[in-house]
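K.L.:
Quick one: the structure is below, questions incoming.
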Amino acid sequence: MNHQYDIIIVGAGPAGSMAAAAAAAAGRNVCLIERKPQAGTPARCGEGIGYRGLTLTLEPRPEWIKSTVVRARMISPAGVKVDIGNVDKSWILDRERMDSDLVKDAVKSGADFFPSTPIVSAEKLSNGLYRCTAANADKKSAAREFTAPILILADGVESRLARCFGWDTALRLNDIETCAFARVRSDGIEPDCCTFYTGSAAAPGGYLWIFPRGAGVANVGLGVIGSKCTPGLPQKLLMDFINRNFPKSKVTDLHCGGVPVGRWVRPLVKGGVMLIGDAARQVNAINGAGIAYSLYAGRLAGAAAAKSFRGDGGVDYRVLLEYQKEWAGNFGKQQDRSFALKEFILSASDSFLNKIAETLSKEDPEKINYRRVFMRTFASRPSLFLKAFKLFR
Amino acid sequence: MTGIAINHKKCDECGACISVCRKDALVLGEKLEVLADRCVSCGVCVNICPFAALATNGETA
């Protein structure tokens with residue numbers, strides 16, 4: 001059966017659902033297609049987000065927030081603890097709940113939602129429309145087809161569909177963190193503190209996180225840079241860490257995922273096809289944060305897509321470029337900066353990290369914020385300091 | 001013979017392998033599949049898998 005729409009959105013994560021809600025609210029006929037039976041399950045995510053990042057696009061709802069974080073602790077490879085007493089307010093989210101609510105919002109705005117519908121191919125037809133074809137999920141019905149003049153791809157880190165339109169989205173091994181994470185229940189977990197472990201033993205080319213989901217329960221996970229990964233290494237490092245640091249704890253929801261940590265894809269728009277979220281590699285290259293970027297990009301893309309429909313029923317694809325322009329001037333710029341400094345952070349040796357931690361551990365925790373950690377890191381190398389200064393000025 | 005073996009019991013369907021495949025030889029439909037006509041057995045996906053669900057040439061994951 002063929003479904004015809006104004007706008008097809010593939011992938012019902014935060015980016016796709018925001019795009020669907022924005023386009024449907026503007027009066028367009030929109031479908032939101034999801035591979036899995038339920039969007040956001042399992043949540044492949046550390047679930048942390050900063051106050052500014054979230055509130056730029058959305059009013060956070062109390063039921064999404066598992067904990068409010070006001071301090072952080074960084075632990076160096078040698079075990080030196082640095083308490084950061086003055087962090088910007090941030091939240092640990094219930095991504096399953098948030099993702100599912102964002103789909104509901106899109107449906108309320110008028111979008112049609114198709115769960116359990118894996119799109120396996122996409123193409124441009126001779127009549128100018130884009131067609132997406134779903135795998136024959138239940139073997140009884142015919143393959144489902146969707147056509148529309150605009151196609152928004154929010155199909156996540158794997159984003160195979162962008163390749164159907166000539167994008168080379170394959171990630172270099174230094175542009176992916178390969179992650180494993182689980183939910184850990186243990187009395188020692190503090191509800192208002194994020195803990196990070198660095199170094200080649202904890203997480204080669206990445207970091208290990210403990211993000212509290214309330215008192216006594218946390219999202220514990222780690223990322224290994226692709227170039228240093230061996231089969232199953234993230235899972236092995238994670239389980240070793242949990243067994244060592246949280247013996248006899250209850251471990252559930254063990255999952256894995258890839259996080260793009262490169263540049264955002266250029267261009268973000270080709271003809272009537274737009275890329276958003278992880279599919280567009282819209283993730284902060286230093287900390288792997290992508291929720292705020294996805295929400296923002298999704299809403300921009302959905303609004304631009306809706307606006308591109310002219311009164312006569314035609315579509316002006318040039319309007320879609322407004323999305324890329326807005327993105328590039330805001331979070332796009334921030335991502336470019338983090339990417340420019342990533343190579344250095346990747347190359348930082350354990351002894352270098354230990355030295356910085358020792359310096360910082362002697363300072364008053366209440367006076368330490370992320371900016372100070374950043375400055376200490378870069379001040380130790382004059383050439384880098386200059387580079388960082390130029391980028392962030 | 002090309003051969004990436006998938007252990008579906010270990011695979012969490014996260015798609016990390018797809019994101020690094022230069023040949024577009026992996027597809028996540030109902031579950032993960034290798035397209036044998038595209039796969040060159042380079043093994044990048046095997047190394048990247050967080051759960052060790054993939055193996056090359058006759059080895060089992």
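The values are calculated or read from the model by the stated rules, or taken from the named source; none is laboratory data. The shown structure was predicted, so the numbers you read here are calculated from the model rather than taken from an experiment. For neighbour counting, all protein chains shown are included, and Cβ atoms are generated from backbone atoms with ideal geometry for every residue, glycine included.
K.L.:
Do any strands (runs of 3 or more DSSP E) lying entirely in the stretch A:48-109 carry at least 3 residues that are not hydrophobic (A, V, I, L, M, F, W, C), and which ones are they?
P.N.:
A:65-69
K.L.:
Also, quick follow-up: All but one of (1) under 26 Å from residue A:65 (Cα atoms); (2) at pLDDT below 95; (3) touching an Asp or Glu at 6+ places or on another chain (Cβ under 6 Å) hold for residue A:188, so report the exception by its number.
P.N.:
Failed condition: (3).
K.L.:
Now, a different point. Here is a check on your reading of the model: is residue A:42 within 15 Å of the chain's Cα centre (by Cα), outside any strand (DSSP E or B) and farther than 22 Å from residue A:148 by Cα?
P.N.:
Yes; evaluated as a whole, the condition is true for this residue.
K.L.:
Hey, can you tell me all the residues within the stretch B:14-43 that are surrounded by fewer than 19 Cβ atoms within 10 Å (Cβ to Cβ) and within 10 Å of chain A (Cβ to nearest Cβ)?
P.N.:
B:22, B:23, B:24, B:29, B:30, B:31, B:33, B:43
K.L.:
Residue A:90 - would you say it is modelled with pLDDT under 95 and surrounded by fewer than 19 Cβ atoms within 10 Å (Cβ to Cβ)?
P.N.:
Here the answer is no, as residue A:90 does not meet what is asked.
K.L.:
Sticking with this one: Could you check, for the stretch A:230-248, whether at least one of its residues is part of a strand (DSSP E or B) and modelled with pLDDT of 95 or more?
P.N.:
No: zero hits.
K.L.:
Counting only residues that are within 14 Å of another protein chain (Cβ to nearest Cβ), touching a residue at least 60 places away in the same chain (Cβ under 8 Å) and assigned to a loop (DSSP other than H, G, I, E, B), how many does the stretch A:166-200 have?
P.N.:
Selection size over the stretch A:166-200: 5.
K.L.:
Collect the residues in the stretch A:1-39 that are in a loop (DSSP other than H, G, I, E, B) and within 21 Å of residue A:304 (Cα to Cα), keeping them in residue-number order.
P.N.:
A:5, A:6, A:11, A:12, A:13, A:26, A:27, A:28, A:29
K.L.:
Sort through A:47, A:63 and tell me the only one that's under 19 Å from residue A:213 (Cβ atoms) and in contact (Cβ under 8 Å) with a residue 40 or more places away in the chain.
P.N.:
Result of the check over A:47, A:63: A:47.
K.L.:
Those residues that are surrounded by fewer than 24 Cβ atoms within 10 Å (Cβ to Cβ) and among the aliphatic types (A, V, I, L, M), I need them from the stretch A:23-49; list them, please.
P.N.:
Matches in the stretch A:23-49: A:25, A:26, A:43.
K.L.:
Could we say that residue A:259 is closer than 30 Å to residue A:356 by Cα, at pLDDT 95 or above, within 14 Å of chain B (Cβ to nearest Cβ) and within 18 Å of the chain's Cα centre (by Cα) here?
P.N.:
Against the criterion (closer than 30 Å to residue A:356 by Cα, at pLDDT 95 or above, within 14 Å of chain B (Cβ to nearest Cβ) and within 18 Å of the chain's Cα centre (by Cα)), residue A:259 qualifies.
K.L.:
Could you grab the pairs with beta carbons closer than 7 Å, sequence gap of 6+ or different chains, first residue in the stretch A:231-242 and within 11 Å of chain B (Cβ to nearest Cβ) and surrounded by fewer than 18 Cβ atoms within 10 Å (Cβ to Cβ), second one among the hydrophobic types (A, V, I, L, M, F, W, C) and in a helix (DSSP H, G or I)?
P.N.:
Sorted first by the residue in the stretch A:231-242, then by its partner, the list stays empty.
K.L.:
When you scan the stretch B:3-10, do you find a residue that is touching a helix residue (DSSP H, G or I) at 6+ places or on another chain (Cβ under 8 Å) and either β-branched (Val, Ile, Thr) or at the interface with another protein chain (Cβ under 10 Å from one of its Cβ atoms) (or both), even just one?
P.N.:
Yes, there is a match, as at least one residue in the stretch B:3-10 is touching a helix residue (DSSP H, G or I) at 6+ places or on another chain (Cβ under 8 Å) and either β-branched (Val, Ile, Thr) or at the interface with another protein chain (Cβ under 10 Å from one of its Cβ atoms) (or both).
K.L.:
Still on this structure, please answer the following. Can you confirm whether residue A:131 is under 24 Å from the mean Cα position of the chain (by Cα) and either outside any loop (DSSP other than H, G, I, E, B) or modelled with pLDDT under 95 (or both)?
P.N.:
no
K.L.:
Identify, from the list A:87, A:69, A:82, the residue that is within 20 Å of the chain's Cα centre (by Cα), in the same structural domain as residue A:222 (by TED's automatic domain parsing) and under 18 Å from residue A:209 (Cβ atoms).
P.N.:
Criteria check complete, one pass: A:69.
K.L.:
Name every residue in the stretch A:164-223 that is closer than 22 Å to residue A:249 by Cβ, surrounded by fewer than 19 Cβ atoms within 10 Å (Cβ to Cβ) and of a type in the set (S, T, N, Q), in order of residue number.
P.N.:
A:186
K.L.:
Residue A:147 is checked against (1) in a loop (DSSP other than H, G, I, E, B); (2) at pLDDT 95 or above; (3) surrounded by fewer than 24 Cβ atoms within 10 Å (Cβ to Cβ) and fails just one. What number does that condition carry?
P.N.:
The number of the failed condition is (1).
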